[in-house]
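The block underneath contains the structure these notes are about, expressed in structure tokens.
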Amino acid sequence: MISTSYENIVKAIDTVGKCLSNNKYGILGLHIEGPYLNDTKAGVHNKKLIRSIRDEEFYNLIEKGTNIIKLITLAPENVDKRYIRMCINSGIRISAGHSDSTYEQASEAFKIGVSSVTHIFNAMSQLGSREPGLVGAALENDDVWASVIVDGVHVHFSSVKICKRVKPLNKLFLITDAMPPVGKPEDTFKVGDLEIFCKEGKCITKDGILAGSSLDMATAVRNCVQRIGIPIDEALRMASTYPAEFLGINNLLGRIKPNFIANLTIFLITNCMCVEPLLTGNTRPQYGLKHKLN
């Protein structure tokens, strides 16, 4: 849920809570992205709704959202450490995003428990020669997870390749940031009062600000394989196993294994050239079809 009013966040907590209590399949919890962000990195978030944390409001959200809110994205430079610790103590993961934090501020946030960055490279301070920023701090810290939008629009494919080489094996995972055009032939939609235009895979405002994506997860996997050269088994782990590990639900999801939820996607590999050994994460060769996805 992007930046919105306190009342709307409460409604979202109530709605997702009902889904969880009724075991609605596919609902894992709530990700609140904002409103505790840095308005210089607002992106498509409404700057009028971005605000500092208010004690009573935040205490109520944490109380109401226990076991419902799974993740909060915030700008750590604008949030007091005690609020971050309060969330972590309540079992809520904190991710840094829409942030203009310095390298020092980001590194300190990671020390106190911020565990990830949201859509790395996008809406955050960049890696520079004299100021590594949030991107540099995240790439340097092996304990920090990073989600990435692999559509070729939000992040250059070569930047994803570099990030994949730098981060430990399981710490980079795929997200889509998908908007309404995914699965529907829509070329316009609204985020709040903003009209968003979708053309050639890019969702933008009339001012050219990126507003989510039209990316589906199958295409994200395909891009990893075809455009970046990531082995298909690793690309699939980035879409399934690693996100489950990040959320702490890898005892239920993310693997094809006895007693796990059978949340399966069936896909075809076409234009196969030959059969050859594929390397798995533990470097033991397994035989499979050489992949050339359409």
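Count charges around V44 for me, please; just the other residues with Cβ under 15 Å from its Cβ, Lys/Arg as +1, Asp/Glu as -1.
Details: positive: K41, K47, K48, K190, K202, K206; negative: E33, D39, D177, D193, E195, D207.
Overall, the nearby charge balance is 0.
Listed by chain and number, the lysines placed with their C-alpha closer than 17 angstrom to that of K161 are K171; residues fewer than eight positions away on the same chain are left out.
Compute the signed sum of charges (Lys and Arg +1, Asp and Glu -1) over the other residues within less than 14 Å, Cβ to Cβ, of G17. Don't skip to the end; give the middle numbers.
On the way: positive: K11, K18, K24, K64, K70; negative: D14, E63.
Surrounding charge for G17 is +3.
Can you tell me which of R222, R93, R130 moves the most in a GNM of the chain? Springs connect C-alpha atoms under 10 Å apart. Residue with maximal mean-square fluctuation among R222, R93, R130: R130.
Going down the list K11/K47; K167/K199; K24/K257; K24/K184; K184/K257, which pairs span over 30 Å between their C-alpha atoms? It would help to have the intermediate numbers written out before the result.
Working: K11/K47 21 Å; K167/K199 32 Å; K24/K257 22 Å; K24/K184 23 Å; K184/K257 33 Å.
From K11/K47; K167/K199; K24/K257; K24/K184; K184/K257, over 30 Å: K167/K199; K184/K257.
Distance from the alpha carbon centroid of the range 1-59 to that of the range 147-205 works out to 20 angstrom. At a probe radius of 1.4 angstrom, the accessible area of the chain per residue rounds to 54 square angstrom.
Short-range pairs are left out: with C-alpha atoms under 8 Å and at least six residues apart, the relative contact order of the chain is 10 percent.
Would you calculate, for the chain, the mean residue ellipticity at 222 nm contributed by helices, counting each DSSP H stretch of 4 or more residues as -39,500 (n - 2.57) and dividing by all residues, to the nearest 500? Don't skip to the answer; put the middle values down first.
Working: 9 runs with 86 residues, N = 294.
Computed mean residue ellipticity for the chain: -8500 deg cm²/dmol.
By accessible area, using a 1.4 Å probe on protein heavy atoms only, the chain has 52% of its surface on carbon and sulfur. Across the range 113-171, Cα pairs under 8 Å and at least six residues apart give a relative contact order of 34 percent.
In summary, the aspartates and glutamates within cross-link reach of K206, defined as a Cα separation below 18 angstrom excluding same-chain residues under 8 places away, comprise E186, D187, D193, E195.
Just check the chain against the gyration tensor rule for me: Cα atoms, a ≥ b ≥ c as the square roots of the eigenvalues, rounded for a/c under 1.5, and otherwise prolate or oblate depending on whether a/b exceeds b/c.
Details: a/c = 1.45, a/b = 1.42, b/c = 1.02.
In terms of gyration-tensor shape, rounded.
For a straight C-alpha distance cut-off of 19 angstrom, the lysines reachable from K18 (same-chain residues fewer than eight places away being disregarded) are K64, K70.
The values are calculated or read from the model by the stated rules, or taken from the named source; none is laboratory data. Every value quoted in this text rests on a predicted model; they were computed, and no experiment measured them. Cβ sites come from the backbone with ideal geometry, for glycine too, and all protein chains shown count toward neighbours. Please note that ligands, DNA and RNA were not included when accessible areas were found on the heavy atoms of the full protein model with its side chains. Shrake-Rupley method; radii C 1.70, N 1.55, O 1.52, S 1.80 Å.
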